[in-house]
Structure formats: C-alpha cells, structure tokens
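Notes follow once the structure below has been shown.
The values are calculated or read from the model by the stated rules, or taken from the named source; none is laboratory data. These figures come from a predicted structure and were not determined experimentally. Positions of Cβ are backbone-derived with ideal geometry, glycine not excepted, and every protein chain shown enters the neighbour counts. All accessible areas refer to the heavy atoms of the entire protein, side chains included, with ligands and DNA or RNA removed. Shrake-Rupley method; radii C 1.70, N 1.55, O 1.52, S 1.80 Å.
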Amino acid sequence: QVQLVESGGGLVQAGGSLRLACTASGRIFSVSHMGWYRQAPGKQRELVAIFISGSTTNYADSVKGRFTISRDNAKNTVYLQMDSLKPEDTAVYYCAATVKQDPLLREEIYWGQGTQVTVSS
C-alpha cells in the first residue's frame, strides 16, 4: 500500500506564512503527479498547486505569486510554501499523488488525510 502523510498546517494571521510537507511511503515504483488540493467548508475540493510531470507545475490563479510548490524526488516529498496568506486560504489541505506500485501495474491516485490551515484576519 501507499501512504501520504502531510504536516505543517496550523493557525496563522493574515499576511503570515506556513509550509506544508507531504511524504509518500510504502510500495512505490514511481510517482508522477504530486501536489496539493484544498477544501473549505461548504465548498468543493479545488486544486492549489501540482507537479504535472517532471518539473512542470500548475497553480490555481488565486495562489499564483503567493504559494510555491517544490519537490524532493529522492524522498518522494512535496512541499507547499504559502506566503501572504489570506483568510480565504482557510481550508483543509490535501496532498495527492499518482503512484505506480509496480512497472506492470497502472497508476493510481492516493490522498493524504488532510491538514487544517486557518488564517485569521
């Protein structure tokens, strides 16, 4: 099996910063897409930032210029540096990864348990 474990959430004032980390572990042959989604109360889960393949990234318009995604392939870890946080960034942040457990198996998507980010005004 594959597990994604997130860390780094918390409470911060508007304008502050947080750094999230997510590490994939278990039976892993390769990891392709890996990134972050978030879900605010009463809203649908939305993409925040993701590595699509290799070093190609995609960001939600609402976080461009404020959030930075980075990756340590050797550790199967992805980070999300969040700067200039706003109250509207408050949500549960989920890590997601597309993992192939064996070269003969197809890729599957795995999700972390989520970490709460709360930005106070």
Long-range neighbours under 8 Å by Cβ, at least six apart or interchain, first residue closer than 16 Å to residue 17 by Cα within the stretch 55-67, second hydrophobic (A, V, I, L, M, F, W, C) and assigned to a loop (DSSP other than H, G, I, E, B): 66/85
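I'd like to know if the stretch 67-75 contains one or more residues that are open to solvent by 50 Å² or more (accessible area, probe 1.4 Å), over 28 Å from residue 13 (Cα atoms) and in a loop (DSSP other than H, G, I, E, B).
Checking the stretch 67-75: not a single residue is open to solvent by 50 Å² or more (accessible area, probe 1.4 Å), over 28 Å from residue 13 (Cα atoms) and in a loop (DSSP other than H, G, I, E, B).
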Strands (runs of 3 or more DSSP E) lying entirely in the stretch 80-121 (those with 1 or more residues that are open to solvent by less than 20 Å² (accessible area, probe 1.4 Å)): 91-100, 115-120
